[in-house]
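One structure is given here, and the rest of the page talks about it.
The values are calculated or read from the model by the stated rules, or taken from the named source; none is laboratory data. Remember, predicted model here, so these are calculated numbers, not experimental data. Cβ coordinates were reconstructed from backbone atoms using ideal geometry, including for glycine residues, and neighbour counts include every protein chain displayed.
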Amino acid sequence: MRMSEQERLRKYPSIRFECRNCGITVVTDSTRRADKRTTYCCASCEREYWRKVTRHANKRKQQEEA
Ligand SMILES: [Zn+2]
């Protein structure tokens, strides 16, 4: 189902945020397609962020056990 531009802008208004992974400032724009980003600038940053978090968590666990 295609949303009209007005519908998209109402549902996903333009917001400004800093990517949690790389720190770049992102301004979303849903005039052409639904821009649902709120935390990361792109999918690869989201994956990278979670990879880092998981690695740190594992390291901490190993230190506690040692
Ligand atoms: Zn990023």
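The residues on offer are Arg33, Arg47, and the sole one that is surrounded by 11 or more Cβ atoms within 10 Å (Cβ to Cβ) and away from the ligand (no atom under 14 Å from the Cβ) is Arg33. Flag set for Tyr40, criterion: at pLDDT 95 or above, within 13 Å of the ligand (Cβ to nearest atom), among the aromatic types (Phe, Trp, Tyr) and part of a loop (DSSP other than H, G, I, E, B). Of the residues making up segment 12-30, those that are within 11 Å of the ligand (Cβ to nearest atom) and crowded, with 17+ Cβ neighbours inside 10 Å number 3.
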